[in-house]
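Worksheet for the structure shown next.
We did not get these values from a lab; they are worked out from the coordinates using the rules stated. Everything numeric in this text was worked out from a predicted model, so none of it was measured. For neighbour counting, all protein chains shown are included, and Cβ atoms are generated from backbone atoms with ideal geometry for every residue, glycine included.
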Amino acid sequence: MDNTKYIALSRQMALWRQMDMVSNNMANMNTSGYKQDEAVFSSYLVKTENGKGLAEVPLAFTQEFATYKNFAEGMIAETGNTFDLAIKGDAFFAVKTAEGERYTRKGQFTLDAGGMLVTSTGDPVLSENNEPFFFAPGETEISIAENGEITTENGTIGRLKLVSFNDNQKLQKTANTMFANTNGNGMAFENDNVRVLQGAVEKSNVNAIEEMTKLVNLQRSYEYVQQMIDEEHDRLTNTITAFATMA
């Protein structure tokens, strides 16, 4: 395969990866707490093996450099539900899962059969003491303050564990809009700029119109590259045929 096709295929692979990412964003545009992904690409140069002097021109291939997670705050929507919580500011709820502690902005919580505060997948929501919250049967006057403190008519139950990180880009996405921290990424538990809003949820930060426009442009670019590959194939085929006829 000639260099032209290698370069074109590297571009197609990058476009395919980006289309997959945009499609996933669009699929989650109605998922509370979802954070949009964006691909970052770069080119890398490779010298031709036989090129010398003026012919020694490097080839520029496309490669995926990184995935950028957009942590911009989504729209806050009021629901009026007691255990729907939204965070204003740079922080996450802490959740205990089978894989370890995870962090999320999706505050659509509920009570399980035992009165424990859990996520939609049944994982316990953690307090600042790394313990789950339990509510007694019949407790109805449940109030969650802006600092995350939870009280009922029987007194204070505890305070939500709200976690901030030195670098959000070092967080790894896992399942169900959750993130796992990575080694060396510092955590903080006190942030005066963070507020918890009861009876509200944070919507996805995906802009549907922008993502649809991206997808259309990516599809056109992919088709253009494919057309270039087909034309290059025809050119080489015609060249070989012409030389064979001359011989």
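Observations
- Amide H partners (placed H, <5 Å) of Asn176, local residues excluded: none
- Distance in nm between pseudo-label sites at Asn166 and Met13 (7 Å out along the Cβ direction from Cα): 3.3 nm
- With 10 Å bins beginning at zero, the pair-distance distribution over Cα atoms of the range 100-192 amounts to 14, 45, 30, 9, 1 %.
- Model label points for Glu153 and Met228, set 7 angstrom from Cα along the Cα-to-Cβ axis, are 7.1 nm apart.
- When you count the other C-beta atoms within 10 angstrom of each residue and take the mean per peptide, 188-200, 116-128 line up highest first as 116-128, 188-200.
- Full extension of the chain between Glu141 and Asn191 yields a length gain of 15.3 nm, computed as 0.36 nm times the residue separation minus the alpha carbon distance.
- With a simple spin-label model that places each label point 7 Å from the Cα along the Cα-to-Cβ direction, the separation between Lys69 and Asp112 comes to 2.5 nm.
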